[in-house]
Amino acid sequence: MKTSSAQQETLFPVKAEVSAHEIARVFGRAHDLIRNGDGLQPDDALDEFTKVLFVFLHAPEGGGSVDFRELSRARPEEAARQFRALFARFLREREEHDPSVSAPALRLSDRTLHQVVGTISEVDLRGLDFDLKSAALRVFLTGASRRGLGVFLTPDTVVQMVVDAVDLAPGSRLLDPCCGSGSFLLHSLLRWRRIAGSGTGAQPNHDVWACERNERILRLAEINIGARIGGRFHRAQLDSLMPLKQAGDAPDWFAHGSFDAVFTNPPFGVYVDPSVVSEDEFRTSSAGNPTSRFPSEFLFLERCLQLLRPGGILAIVVPNSVLTTTRLSKARSIIDTLGVLVAAVTLPPETFYTAGTQATTSVLFFVKRGGGDLVHHEPGLVFHARPGNIGYDSTGRERSGNELPQVSRALCAYFKGGPALDHAVRVKPGEEFSDFCIQLTRPAKSRASGAQGFKLGDIATVVATGKTPPRDQYLDEDGFFILKVGNLTGSGIDWFARDRNFVSRAYMEKIRASRRAESLILRPTDIVLTSTAHAPKYIGKKVDMVGEVPDFIPPECTFVGEVMMVRANPDRISPLYLLAYLRTEQAQEVLQRMIRGQTAHLYPDDAAELLVPDPGRLNGERLEQLLSLVSDQMALAAAQLRKRRDIAALNAELFS
């Protein structure tokens, strides 16, 4: 049925004043129309959406003014024909201007394309400020990453912290070799534009450079940055880890020593086969075991330093495993020969939750060796900050008290010659990266008292994680108790069974017969704590002691792999004292710093390095009072369990 002009006005109303979130919702509806209308997979739907949006944002500059609202009023077949022609013409014009811009033809059906054009026409994108359009796209992409579309954004608060801290001079040659949606480059251009004070765009020499191996994601960066912000967006679709000497198809700017600065967030958790990586191209590849895979983060670190000029600065987001994994120490030593670690910002665990990963991360700042340093830094010192609030929580909701602006101001002042103050970490000159990582996970003094103490491994006979049984060995009841993270409370073990809190007799017999039997069967005074959790911030927390085991629990019990057990040597240390210390914020802060691995674990060998203050150096009277209170608290917890058991028995008797 033909639709009247008045009806079309109702279907496609133009909104005069809109927010970034409202525009993002329009983008989301357009994407959903594509996905549902033509039955495309989410990533394919996002691909088609970027093509359509590309035209909306840039076609007026590429071929005269286009009235998309008028186009949406045409019959679906005619509207689709005109839009396809516009897309093809616009693409030809941009390819002539920049051959790196390309895209396959639109694959949408006429009906879906017509609906999408009508939906996006609800807002006049050409009449909106660039900042608003860019913010809307970032809001949409953040939602897209949550929906599993393969788009992972560096949070704006983190990007802004990096850009403000380094404070690059306008016109500096800036590269992002894994640009994603282009956030680092966009924020840098916006900063330069504010410095210029024009309010309409950056100066002509304010160009930026980017690489991205994924064509779809590179198009997102083109949409996000485009030409509207001034200057020129130089980009190339390529793998940044490709051999430079064989990069025949790469642009001439993708070469050693070409840039003043590199800001990037490379992919996490990608492993490469060392046998296919040339040591001539990547020296760090020789640091791995030839028979095992090697984390790509070190290859990206080395490549970024290669692309910098001497004295240039690198800011790179990495998983904390880069800093804490012991077997990567040789790779860190190689990086030390290429660049100086001048600063590190350890981000809280929730930083990338909204991007779909729970990896704990840090932003590292390196200056390439060779002189002519772009920023000031004191020899033998690393500026280290650990913000606990980045402006939002683990669900993505805004949170007051964002500490990143304060960190960026302090770091910027340091880079301009100011003092590091309480952010200073002293390291060995020439071994800045390696020594900083050692200090990060091997603190030499107790933060609790500033005094020397004992390594946990020296005063405990066992520091070990448990063993998680196969699913078919779990029982609902009438088996042997297996302690799980959910049974830990931080104020006494909850021995009441939860789901799958028992294991079979056959499994327990295997535990008894195993070489690890001594470390897998719990004893009185054993201390247990979380070693793996769904969120890293919970690791090392909920510290309890095996005390009075209720009579409804079998005499022997074991524990799962997500729980760590510490068995104090009573000849060296009081188990109650050790329990009290492990529950302190000081001990838990150090344990949190030991978390490593892509999925975040606290490993026994690392925990064994925890320094426990010498109780002999503490106030004896106050210490005795503390241990008495801890003992009383354990007795109260046991009494509470007995009351719960008695109440449960009476409930069953009276009400069953």
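The values are calculated or read from the model by the stated rules, or taken from the named source; none is laboratory data. It should be emphasised that the depicted structure is a prediction, and the values quoted were computed from it without experimental measurement. Counting neighbours? That spans all protein chains shown, and the Cβs are built from the backbone with ideal geometry, glycine included. Heavy atoms of the whole protein, side chains included, go into the accessibility calculation; ligands, DNA and RNA do not. Shrake-Rupley method; radii C 1.70, N 1.55, O 1.52, S 1.80 Å.
Of PHE496, THR465, ALA506, which is farthest along the charge dipole of the range 453-506 in the positive direction, counting Lys and Arg as +1 and Asp and Glu as -1 at C-beta?
About the Cα centre, the residue reaching furthest to the positive side is THR465.
Using just the C-alpha positions of the range 471-533 as equal point scatterers, what log10 of I(q)/I(0) does the Debye formula give at each q in 0.19 1/Å?
These q points yield log10 I(q)/I(0) values of -0.82.
For a protection proxy built on the mean count of beta-carbon atoms within 10 angstrom, sort 304-310, 340-346 highest first, please. List each step's numbers first, then the result.
On the way: 304-310: 21.1, 340-346: 24.4.
Put in order of decreasing packing, that is 340-346, 304-310.
Place the peptides 170-179, 492-501 in order of packing, highest mean first, counting for every residue the other Cβ atoms within 10 Å and averaging per peptide. Intermediate results must be reported in sequence, preceding the final value.
Details: 170-179: 22.9, 492-501: 17.2.
For the peptides 170-179, 492-501, the packing ranking is 170-179, 492-501.
Once Rh for the range 256-402 is found with the Kirkwood sum over Cα pairs, what is the Stokes-Einstein diffusion coefficient at 37 °C and 0.692 mPa s, in µm²/s? Let's see the in-between values first.
Numbers: Rh = 16.3 Å.
Here the translational diffusion coefficient equals 202 µm²/s.
Longer than 25 Å from Cα to Cα, which of LYS467/LYS643; LYS330/LYS428; LYS455/LYS542 are they? Say none if no pair is.
Those over the limit are LYS467/LYS643.
Using only the alpha carbon atoms of the range 409-547, find the Kirkwood hydrodynamic radius as the inverse mean reciprocal pair distance, in angstroms to one decimal. Please list the in-between numbers first.
Details: mean 1/r = 0.0526 Å⁻¹.
This gives a value of 19.0 Å.
If you filter the range 512-569 for trypsin sites (Lys or Arg not before Pro), then keep DSSP loop positions with at most 10 other Cβ within 10 Å, what is left? All intermediate terms of the calculation are to be shown ahead of the outcome.
Working: sites: ARG512, ARG515, ARG516, LYS537, LYS541, LYS542, ARG567; in loops: ARG515, ARG516, LYS541, LYS542.
Those satisfying the criteria are ARG515.
Taking the solvent-accessible surface of protein heavy atoms with a 1.4 Å probe, what is the per residue accessible area of the range 284-437 in Å²? All intermediate terms of the calculation are to be shown ahead of the outcome.
On the way: 5440 Å² over 154 residues.
So the range 284-437 comes to 35 Å² accessible per residue, rounded to a whole number.
Could you give each residue of the range 614-627 its phi-based ³J(HN,Hα) in whole Hz, using Karplus coefficients 6.51, -1.76, 1.60 with θ = phi - 60°, and x for Gly or Pro?
5, x, x, 9, 9, 5, x, 5, 5, 5, 4, 5, 4, 5
For CYS178, enumerate residues with amide H under 5 Å from its amide H, sequence gap 5+ or separate chain, H modeled in the peptide plane.
Amide H to amide H, under 5 Å and 5 or more residues apart or across chains, CYS178 pairs with CYS211, ASN265.
Step through the residues of the range 604-611 one at a time and calculate ³J(HN,Hα) from phi using the Karplus curve (6.51 cos²θ - 1.76 cosθ + 1.60, θ = phi - 60°), rounding each to whole Hz and writing x for Gly and Pro.
x, 4, 6, 4, 5, 8, 4, 8
In whole Hz and in residue order, list the ³J(HN,Hα) couplings for the range 646-652 that follow from phi through the Karplus curve 6.51 cos²θ - 1.76 cosθ + 1.60, θ = phi - 60°; x for Gly and Pro.
Karplus values, whole Hz, x for Gly and Pro: 5, 5, 4, 5, 5, 4, 5.
Given the peptides 112-118, 573-579, arrange them by the average over their residues of other C-beta atoms within 10 Å, most packed first.
Numbers: 112-118: 23.7, 573-579: 20.7.
Ranking, from highest mean packing down: 112-118, 573-579.
Would you mind checking which residues have amide H under 5 Å from PHE454's amide H? H placed 1.01 Å from N; only 5 or more apart, or other chain.
VAL612, ASP614
Please list the non-local residues whose amide H lies under 5 Å from the amide H of TYR392, H modeled 1.01 Å from N, same-chain partners needing a gap of 5 or more.
ARG399
Scan the range 497-565 for GluC sites (Glu not before Pro) in coil per DSSP, keeping those whose Cβ has at most 16 other Cβ atoms within 10 Å, and list them by number.
Values: sites: GLU509, GLU518, GLU548, GLU556, GLU562; in loops: GLU548, GLU556, GLU562.
Here the GluC sites (Glu not before Pro) that fit, given the DSSP loop and packing criteria, are GLU548, GLU556.
Taking a cut-off of 18 Å, what percent of all Cα-Cα pairs in the range 492-640 are separated by more than that? Mind dumping the intermediate values first?
On the way: 6827 of 11026 pairs.
Tail of P(r) above 18 Å: 62 percent of Cα pairs.
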